[in-house]
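Shown next, in structure tokens, is the structure this report addresses.
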Ligand code: XMP
């Protein structure tokens, strides 16, 4: 079936940017950068029908980079009609090479290529390079354009790319071999702005305030005078989704917060405080700790833990929905990255258990309200800030649905939960005090249910160790262990041992992903 952009994206993309995807990693980053310039961007596959692009009527097109060589068998090809719609086009890396090839230029495989920080020499201070301090850029290519198509001026070169940038201002076609979307190209954002605001003449209207107004109007239209419910997890996505819906339909939204007892210190209270008291959202706080804990008795297998918690969560949530009775809509915090992963088009949302708190009911007879479907995670946080969500919730690090249960390696018991929660609290507090909380993708404590011998005062101890796990990452697909300062580690270690009864040893996990995963189970 031919790709068609989802209706809620079409409205925004009219007068915004379409990023034509030649390799998903690159296209998402470009789309995010464009949005940081306050211009909406949507991603379309490289084989999108040019008629669909005409229907969407974007203000500009960016052809993304990609891992392939234009000469490889099966390399994603560019439909040359995309270059002739009268819409300005910027080709980046592979996108520029495909454009050059389609317009009669020459792309050569020199056999060497350029990777990483590269010096660049600019020939023309007109066009995209106007007023930019350009000296280095980030390259990642093997092939290079060696002869620009007719009508183009070569505007920059690097040692390995005689055509590092080219422009055809008359037809508003531009190409850069380097990657303006990565931070290692220092002038990259300014160059993108030149394309957006000079070449395409777009207006920067994509702001959190406008997103809120637009979504509130859409939710009102979708929900009408019906009622909706929303499961809160304590995380930022469900919180922002709930607040948007609450702003749209007020008390016809009921939030359900299932506390399965595997949460971090004070998390339940924070949800209660923010939603129940501050925002006055009708909130049902289900205290289901005992049911979850007794169901986990004797369970040590990670998958069994996940399955039980997921199943019990759905059962509890279902029960609350049944009690409420006439909620026609279920609010979900599906993000744009989820939409892209599931095809990016008109397909209905795929609810992935991994993305939700233990997975929400999928056999519920409710229509979905998904106010975050247009947003990347960083945009959700900005909208959250604009809505007045407390800083702690807005910037909360990701937390797995099964919670602390998969950070206790072995059987989950009340005693171990208390120890882990306390140790995790100390760790978080020190990470925040050191000003590192936002720099880390995740930082948390793990409790392997083994004991080791220690000595405290004059006595022998035989107690649990606590593992410190802190990682940096962009998307959780890969991660690096964080090089926390030794002084900080020392402080965390001594505080945990002094303040948390039952712990006599603290160790540091120095495994990246791969080969490790971020969580231990
Ligand atoms: P791993 O451990 O696979 O985790 O490297 C990748 C990211 O996903 C989070 N995670 C989960 N999130 N439900 C969730 O909502 C889950 O069951 C789950 N398991 C892992 C994890 O914290 C990390 O950010």
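The values are calculated or read from the model by the stated rules, or taken from the named source; none is laboratory data. Computed from a predicted structure; not experimentally measured. Using ideal geometry, Cβ is built from the backbone for each residue, glycine included, and neighbour counts are taken over all protein chains shown.
Residues in segment 139-153 that are surrounded by fewer than 21 Cβ atoms within 10 Å (Cβ to Cβ) and either under 22 Å from residue 84 (Cβ atoms) or under 33 Å from the mean Cα position of the chain (by Cα) (or both): 140, 142, 147, 149, 150, 151, 153.
The single condition among (1) in a helix (DSSP H, G or I); (2) loosely packed, with under 15 Cβ neighbours inside 10 Å; (3) free of Cβ contacts under 8 Å to residues at least 40 places away in the same chain that residue 125 does not meet is (1). Counted as qualifying within segment 426-520 are the strands (runs of 3 or more DSSP E) with 1 or more residues that are more than 23 Å from residue 302 (Cα to Cα), namely 452-456, 459-472, 503-508. Of the residues making up segment 477-508, just one is exposed (fewer than 15 other Cβ atoms within 10 Å of the Cβ), within 22 Å of residue 403 (Cβ to Cβ) and within 16 Å of the ligand (Cβ to nearest atom), namely 477.
Can you name every residue in segment 60-78 that is in a loop (DSSP other than H, G, I, E, B) and out of contact with any helix residue (DSSP H, G or I) (no Cβ under 6 Å at 6 or more places or on another chain)? Steps first, answer last, please.
Step one: list which residues in segment 60-78 are in a loop (DSSP other than H, G, I, E, B), which gives 64-78.
Correct list: 67, 68, 69, 71, 72, 73, 74, 75, 76, 77.
Do the conditions hold for residue 423, that is, is it outside the structural domain of residue 311 (by TED's automatic domain parsing), away from the ligand (no atom under 16 Å from the Cβ) and part of a helix (DSSP H, G or I)? Spelling it out, residue 423 is indeed outside the structural domain of residue 311 (by TED's automatic domain parsing), away from the ligand (no atom under 16 Å from the Cβ) and part of a helix (DSSP H, G or I). Tell me which of these residue 41 doesn't satisfy, since it passes every other one: (1) in contact with a helix residue (DSSP H, G or I) (Cβ under 6 Å, 6 or more places away or on another chain); (2) over 22 Å from residue 172 (Cα atoms). For residue 41, the failing item is (2). Annotation for segment 265-282: at least one member residue is surrounded by fewer than 23 Cβ atoms within 10 Å (Cβ to Cβ) and more than 22 Å from residue 388 (Cβ to Cβ). A count restricted to segment 396-420 and to residues that are part of a helix (DSSP H, G or I) and away from the ligand (no atom under 16 Å from the Cβ) stands at 6. You will find that of 228, 239, the residue that is within 16 Å of the ligand (Cβ to nearest atom) and either at pLDDT below 95 or surrounded by 24 or more Cβ atoms within 10 Å (Cβ to Cβ) (or both) is 239 and no other. Apart from one condition, residue 226 fits all of (1) more than 24 Å from residue 396 (Cβ to Cβ); (2) not in a loop (DSSP other than H, G, I, E, B); the exception is (2). Checking 349, 321 one by one, the residue that is surrounded by 14 or more Cβ atoms within 10 Å (Cβ to Cβ), at pLDDT below 95, away from the ligand (no atom under 14 Å from the Cβ) and not in a loop (DSSP other than H, G, I, E, B) is 321 and no other.
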